[in-house]
1. Between A:LYS15 and B:ARG199, how high is the FRET efficiency from 1/(1 + (r/R0)^6) when r is the Cβ-Cβ distance and R₀ = 51 Å? Nearest 0.05.
2. At 1.4 Å probe size, put A:PHE165, A:PHE35 in order of accessible surface, largest to smallest.
3. Residue farthest toward the positive end of the dipole of the protein assembly as shown, with Cβ of Lys/Arg at +1 and Asp/Glu at -1: which of B:PHE406, A:TRP208, B:GLY169?
4. What GluC sites (Glu not before Pro) does segment B:86-149 have in DSSP loop regions with at most 16 other beta carbons within 10 Å?
5. Give the cysteines in chain B for which no other Cys Cβ lies under 4.7 Å away, or write none if there are none.
6. Under 1.5 on a/c is rounded, so check that first for chain B, then, if it is not, pick prolate when a/b is larger than b/c and oblate when it is not; a ≥ b ≥ c are the square roots of the alpha carbon gyration tensor eigenvalues.
7. Report, in degrees rounded to the nearest 10, the 0 to 90 angle that the Cα long axis of helix A:18-66 makes with the longest principal axis of chain A.
8. If R₀ is 30 angstrom, what is the calculated FRET efficiency for the pair B:PHE73 and B:GLU23, using the beta carbon separation as r and rounding to 0.05?
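The values are calculated or read from the model by the stated rules, or taken from the named source; none is laboratory data. Since this is a predicted model, take the numbers as computed values, not measurements. Neighbour counts run over all protein chains shown; Cβ positions are idealised from the backbone, glycine included. The area values use the complete protein model at the heavy-atom level, side chains included, leaving out ligands, DNA and RNA. Shrake-Rupley method; radii C 1.70, N 1.55, O 1.52, S 1.80 Å.
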Amino acid sequence: MKEPTLIAAPYSHAKTSVSRTMGLVMLALLPATLFGLYQFGWPAIFLFTVTLISAVAAEAFSLRLAGKPVGLFLKDGSALLSGWLLAMTLPPWAPWWIGVIGAFLAIVVGKQIFGGLGQNLFNPAMVARVALLISFPLELTLFTAPSPLFSASAPGFLEGLAVTFGGSNAIDAVASATPLGHFKTELGRGLTLGQASEGTGSLWQLAWGQIPGSLGETSALLILLGGLFLIHKKVIGWHIPLAMLAGLALPAALFHGLYPGQYVGPLTHLVSGAAMLGAFFIATDLVTSPVSRSGQLLFGAGCGLLVYVIRTWAGYPEGVAFAVMLMNACTPLIDHYLRPRIYGRDRRGEPLNTDGKRENT
Amino acid sequence: MSLLSSLFQHSFSHGVHPEGYKEATVDLPIQRVPFVSRYLMPLGQHIGVPARPVVKVGQQLRRGQMIAEPGGFMSTALHSPVTGKVVDIGPHRHQDGSFKLAIEIEADPYATQRMEPQPPKDWEAMPMAEFVSEVQRAGIVGMGGAAFPAHVKYSIPDTQHIDEVLVNGAECEPYLTNDHRLMMERPEALIRGTEILMRKLGARRATIGVEDNKPDAIALLRGLLGGTAIEVASLPMKYPQGAEKMLIKAVYDREVPAGQLPRDLGILVNNVGTVVAIADWFDRGIPLIERVVTVSGPGAAYPANLIVPLGTPVREVLRFCGGLKEETREVVMGGPMMGAPTASLDVPVLKGTSGILAFTEAETRTGTEYPCIRCGRCLEACPYFLNPSRFARLAKARLFEEAKGFHLMDCVECGSCTFACPSNIPIVQLIRTAKNNLRSRKP
């Protein structure tokens with residue numbers, strides 16, 4: 001006979017749990033991840049593995065230090081997911097210690113210092129991404145052209161080990177600018193968009209992802225696929241992704257329409273860099289985004305707009321991490337002001353009068 | 001097709017979709033539970049004032065005889081469910097574990113339990129005040145679960161007028177099929193009761209709101225109602241559609257302002273069981289002495305829909321249904337979303353007992369609680385558009401007053417938030433704690 005449980009209604013529960021939620025997000029990330037690992041070969045696989053293991057280790061270490069049940073909280077899958085998301089945003093041939101330090105920053109500084117699961121103000125993966133970018137600008141901006149596994153140009157297993165763990169400078173030979181980086185440099189030199197475009201792939205290549213870029217960010221289409229799966233499964237709403245993509249595409253369309261020679265077009269913006277990953281997987285992080293629908297729309301639009309501003313006028317070619325973190329900081333404020341209207345009350349919380357209008361008191 | 005039609009069906013916003021589990025009893029006709037030897041009628045079966053006994057220990061009773069009179073306006077009469085005699089008036093164990101005053105009746109084993117036929121009452125000629133007091137004398141309450149005295153709803157101030165009678169046949173709680181069976185088996189009484197209420201209250205129209213998981217009931221009622229001022233609204237399945245304010249939103253797309261009542265909008269909402277009880281009293285002179293109860297749940301040996309004389313011990317009802325399976329952990333009175341576990345099987349079936357559900361380990365298990373991940377599922381579940389996660393957080397910190405500032409008291413404790421929470425946080429349970437705490441602080 002077990003101890004009787006002291007419970008009360010409801011005696012019915014939706015088939016949902018924290019680990020199932022995290023598991024679904026990882027499942028949605030899988031296509032884009034596999035594509036990235038295939039495209040960037042052994043070094044990417046090593047970096048990905050190192051980052052994930054480090055994230056779980058950092059989580060276990062923090063939980064132990066905090067005296068929380070390690071097994072229970074590791075099972076929720078949130079540390080694995082944070083590590084995964086971070087790895088997606090790293091240059092695929094970055095050295096192993098980037099993954100280790102990044103995972104430590106994400107889990108310990110980004111999450112556990114705030115009190116663990118559900119308590120962090122900023123997206124852990126983005127905290128790590130930004131900290132790494134500022135601390136190690138060289139390693140974080142060295143991108144490689146795709147060299148798919150088993151292709152002639154791809155490094156073998158041992159060469160891959162050398163790239164990730166051995167400090168091999170093979171990367172110098174294949175280093176290549178990302179499309180966004182390329183545009184930034186070339187447009188900055190005063191070239192027109194037409195001239196600058198010659199150095200990047202076609203729009204289709206950008207969307208499919210056969211371009212230099214971060215480990216798991218290049219394939220906009222596969223990320224979109226995963227994102228739509230998450231919306232279908234109701235893990236995330238459509239509000240943040242749509243608002244963020246619109247917030248990016250609308251100003252892009254406006255400036256491109258006014259000055260077609262100087263500003264990159266909206267479609268290119270949408271399919272390059274971390275725009276898709278950010279819209280569907282980073283900005284939608286449950287913990288650090290607003291809970292109300294109207295708040296999510298504002299949050300998403302703010303993210304998109306900031307991405308455009310940073311990409312176009314700021315010093316960095318890509319700004320998803322900065323944009324999401326800036327909006328993360330606004331989340332408590334958004335949640336405070338954008339509350340849904342309560343049944344039977346107006347937006348200010350006053351009771352409706354019987355004809356459905358506000359009381360004049 | 002169903003997708004297309006659901007686009008045009010009205011409902012309230014938010015809410016949840018718990019698994020229905022109604023198939024166990026949905027096709028089982030209502031059976032009558034045989035009379036047992038002892039009955040217990042608690043004097044207080046609803047919020048408001050308890051009834052006042054009008055019988056003495058040892059007194060012989062006829063079935064249907066009044067045994068307690070209303071103790072005030074917010075109170076209703078009680079009637080003997082059997083022919084027999086009063087053996088005790090004193091404290092007895094109540095559903096929540098407390099002791100409450102109750103009249104204990106021993107059934108006469110040799111009585112036929114047949115009731116004398118009564119002539120129909122001339123309700124049309126009755127002044128409204130008399131109609132209200134008749135309903136009170138008949139002991140009729142809201143049969144949906146809250147057991148709120150029905151006559152109180154019919155006492156409309158002179159400044160107000162009821163335009164619409166809304167009959168609640170939503171039955172959104174999983175497992176329960178008692179309202180469904182009542183609509184299937186006594187549609188004439190349901191229509192009759194609706195007509196009585198419309199005429200007495202001067203309502204222009206009446207609507208019977210039924211969830212579309214009961215297509216047979218919808219078709220049956222529509223067939224009988226052609227050309228009348230009563231219509232049937234088919235509502236897409238969603239919990240808590242049977243909550244009065246949600247049903248009004250679903251059927252009329254109107255909201256009851258906070259702190260007001262449906263009658264302020266000119267609407268009267270009654271459960272189907274209540275309406276049938278009205279017809280039984282005015283047409284046949286039968287007061288509220290029995291009700292339809294669904295016995296179900298994985299722990300019930302033989303699930304059933306039953307007519308149970310009020311006051312029958314739960315143990316006897318379960319015995320009639322073949323008892324409980326060994327794996328039963330908890331017996332719940334009412335539905336699984338808002339019902340309450342019973343402290344003892346000796347407690348009686350009350351006026352508000354819509355279901356007796358036997359639950360096993362699987363239903364009563366509480367999952368491991370994780371921290372809130374701010375996923376917003378509870379916000380999307382809350383039909384009142386409140387922020388349940390905030391209430392849970394504030395309740396844990398004992399910041400009850402602050403929670404009140406976020407309209408904690410608007411919560412009707414439907415449990416949708418707890419149902420939806422992936423972190424297994426007992427949100428509605430925490431909200432109940434906070435509300436109880438605030439109420440007990442009042443001077």
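1. 0.60
2. The ranking, largest first, comes out as A:PHE165, A:PHE35.
3. Of the candidates, B:PHE406 comes out farthest on the positive side.
4. Those that pass, being in a loop and sparsely packed, are B:GLU124.
5. B:CYS172, B:CYS321, B:CYS372, B:CYS375, B:CYS382, B:CYS411, B:CYS414, B:CYS421, each lacking another Cys Cβ under 4.7 Å.
6. The shape class here is rounded.
7. Approximately 50 degrees, to the nearest ten.
8. Approximately 0.10, to the nearest 0.05.
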